[in-house]
Structures are given as structure tokens and as C-alpha cells.
Amino acid sequence: MRATITSIAHWVPEDVYPNSFFEKYLDTSHEWIFTRTGISERRFLKEGGTSDMIVPAAKECMAKRGVKPEEIDCVIVATVTPDHFFPSTAAIVQRKLGLKNAWGYDISAACSSFLFSLTTAVKLVESGACKKVLLCGADKMSSIMDFQDRATAVLFGDGAGCALIEASNDESMGFIDSILHIDGEGEPYLHMKAGGSVKPASEETVRNREHYIFQDGQNVFKAAVKGMADVSLEMMEKHNLTADDIAWLVPHQANLRIISATSDRMRLDPSKVMINIDKYGNTTAATIPICLSEWHKAGKLHKGDKLILSSFGAGYTWGAIYFVWNMND
Ligand code: UT7
């Protein structure tokens, strides 16, 4: 049995923060942010947590397919910004949506969370263990951003994307394959210093601003360019795909230069690359489902389109998924 995405939706906060917002109090400029990252603006959630962004996206996702909350048998939340350490955000989403017949859990793989959890959801359906999995990729990055650190504050945004995973009605379409990697040697370059079991929150950790994203941008950049391009090419070679065969590259949106390096190595025409980093910044687990949802809504995704989904993030974690779209326009 093959599994596929049968419905997709996204939700982003209304409040837009252009690059000029940071110019007012940080030593930065629209010019620097835009040329180094491709970001023009991002959205931040003023009130509430990650589950509050998932709920509207999930409701739209289920409604589009005519699926009732009690039909969902598993809910997976991909996030690095859960509502709380525990209970899981999946449990909170289960309650808020009334998914009374579901079990579920969170997956933490930073910017690769959506690829890791899509693979997991697909396996649950393919094995026959589940019929309808609600997969949610969401992050409220503004809750862990240091607004005094120009090196990271300008990069991230908040948002959510949800997909329904069910058995495919066509064995030639849906999720075909994934190649996923994790390498803990990446920890020093992208992490949060305190708040976990190694260094619990204390007055000192708060004073030292250790509850925010720490990133050594250059090291992550180099690893991301290599990791995303290598794994995307590996997937193309494994399935004998040429650039002409691929309808869309669906890349994690961390930096336009990383995306371009990946599509160049794949020899893809830039018109075949999904890019919305200019509007949303890096929404971590939400970038890929937001892209899929936006492109689907705009009628730019067609049944039979061959997609390569590709990501790189903290851990390090990275990977690619080969997916044949099989929803109607
Ligand atoms: O999604 C999770 C994975 N994360 C990523 O994939 C992110 C990977 N890294 C990147 O995207 C890039 O490294 C950044 C966008 C974070 C930074 O771009 P960069 O071209 O690597 O810049 P840099 O860190 O080498 O900094 C260059 C200069 C530095 O100044 P000096 O030392 O040359 O005087 C920085 O202090 O730019 C300075 N700088 C800024 N200047 C204005 C750093 N941030 C800013 C800023 N505004 N916001």
C-alpha cells in the first residue's frame, strides 16, 4: 500500500513585521537581510502558542476533505516550540480539535521535522496501523528568538501547516521514498543553551540570555548547502530522475542562497522552485507544508507532479522525500 497527502492547509498570523521593524532598534538594514537571506518580512503570533496556529490550519485541512474530528486516528505535531515541555502539543491539539479516537505524539527534528514526521505518518498508514493521520508542522519561533541578537532575530517567523495522510487511491502516486539523516556533531552550531535537563532554567540562565536560539550561521550555512544539495541529488539518482522530470523542488526556507545552491546542483530551472521565504522567514517545521498548501491553493500543483522535498536543520538533521502529487487542482 502507498500513502499520500489527501488534504493540506496552512495558517499564519496576521501581524506582519517587515525588515524595517528591526532597523529601528538593531544595527541592521533591509538591504543586508534581503540580500543575505531573501527575507522581506515575517509574521509573529502575539497571543497564544503553537497549538493555536495548528488549530485553524487543521480545521481547514479536515473540512476540505470532509473528515470529522472523530475519524482521525493519529495526530503528529512536528515542532521545536511545543506549547509546553509536556504534555505533548499533540495532546493539546487532540483536546482542542476533539479528536476523540486519536493517539499521537510530537516529533522534534527542527527544520527537518516535517520530512521526518511525514515519513513516519506514511509508514503508519502503509502498515495498516492508521487510516487517517493528521500531520501538523508548526513553530512559534518568536517565542525562542533573541530580539537583541541581529544575527538570528531577523531570520525566523511563526506559522503552521497541516496535512492529512491516507492510503493512496493510485499505487503510482503519493509518497515514494525518503532519505533521512541525523548527525549530532552539529549540536555546537545550532542549539538552545539552557532550559533542558542539562542546564535547567535559573536566574543565571535567564540573565545570560540562554533560552534563545544560538546559531553559528556560517558553519550551519556550509553544512546546509552541502547536506541539502547532496541528499536531493542522491534521491534523483536513486530514482533515475532528471531535472526535466521534476515539477517542483519544495525546499526548507532558511536562506534563499541555500535554496539556490541546491536547485543549481540539481540543474533545476528557478521557475520550478517553491520560494516564499520573502513573506514568512524561516518558520522551521512549517516551511514545507506552508509551501505545499500555498502552491496547491494557487492551482500550481497538478496531479502527477513529481516533487523533491528537501530540508536541513539543527541536530544536524537533513533529508529528501520523493513524492508524486495526487490531489486534484
Ligand atoms: O533553518 C535552520 C538552519 N539554519 C540555516 O540554514 C541558516 C544558515 N546560515 C545562514 O543562513 C547565514 O549564515 C546567515 C544568514 C545566518 C548569515 O549570513 P552570512 O553571510 O553567513 O553572514 P555572517 O554570519 O558571515 O556575517 C557577516 C557579517 C558579520 O559582520 P563582520 O564580522 O563581517 O563585520 C556579521 O556581524 O554580517 C554581520 N551581520 C549582520 N549585519 C547586519 C550578521 N547579522 C547581521 C544583520 N544585519 N542582521
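The values are calculated or read from the model by the stated rules, or taken from the named source; none is laboratory data. Everything numeric in this text was worked out from a predicted model, so none of it was measured. Positions of Cβ are backbone-derived with ideal geometry, glycine not excepted, and every protein chain shown enters the neighbour counts. Please note that ligands, DNA and RNA were not included when accessible areas were found on the heavy atoms of the full protein model with its side chains. Shrake-Rupley method; radii C 1.70, N 1.55, O 1.52, S 1.80 Å.
For the stretch 82-96, enumerate the residues that are polar (S, T, N, Q) and open to solvent by less than 10 Å² (accessible area, probe 1.4 Å).
THR89, the sole residue that qualifies.
From the residues in the stretch 254-282 that are assigned to a loop (DSSP other than H, G, I, E, B) and in contact (Cβ under 8 Å) with a residue 60 or more places away in the chain, which one is farthest from the ligand (Cβ to nearest atom)?
ILE275
If I go through the stretch 171-187 residue by residue, how many of them are touching a strand residue (DSSP E or B) at 6+ places or on another chain (Cβ under 9 Å) and within 15 Å of the ligand (Cβ to nearest atom)?
Residues that pass the stated criteria total 4.
Please go through the stretch 268-292 and pick out each residue that is of a type in the set (D, E, K, R) and over 21 Å from TRP325 (Cβ atoms).
Listed by number, the residues that qualify are ASP278, LYS279.
Within the stretch 155-212, take every residue that is β-branched (Val, Ile, Thr) and closer than 23 Å to PHE114 by Cα and give me the one that is surrounded by the fewest Cβ atoms within 10 Å (Cβ to Cβ).
Result: ILE182.
For MET235, work out the one condition from (1) within 16 Å of the ligand (Cβ to nearest atom); (2) of a type outside the set (Ser, Thr, Tyr); (3) not in a loop (DSSP other than H, G, I, E, B) it doesn't fulfil.
So the condition that MET235 fails would be (1).
Any residue at all in the stretch 214-221 that is within 15 Å of the ligand (Cβ to nearest atom), free of Cβ contacts under 8 Å to residues at least 24 places away in the same chain, open to solvent by less than 20 Å² (accessible area, probe 1.4 Å) and of a type in the set (S, T, N, Q)?
No, every residue in the stretch 214-221 fails to be within 15 Å of the ligand (Cβ to nearest atom), free of Cβ contacts under 8 Å to residues at least 24 places away in the same chain, open to solvent by less than 20 Å² (accessible area, probe 1.4 Å) and of a type in the set (S, T, N, Q).
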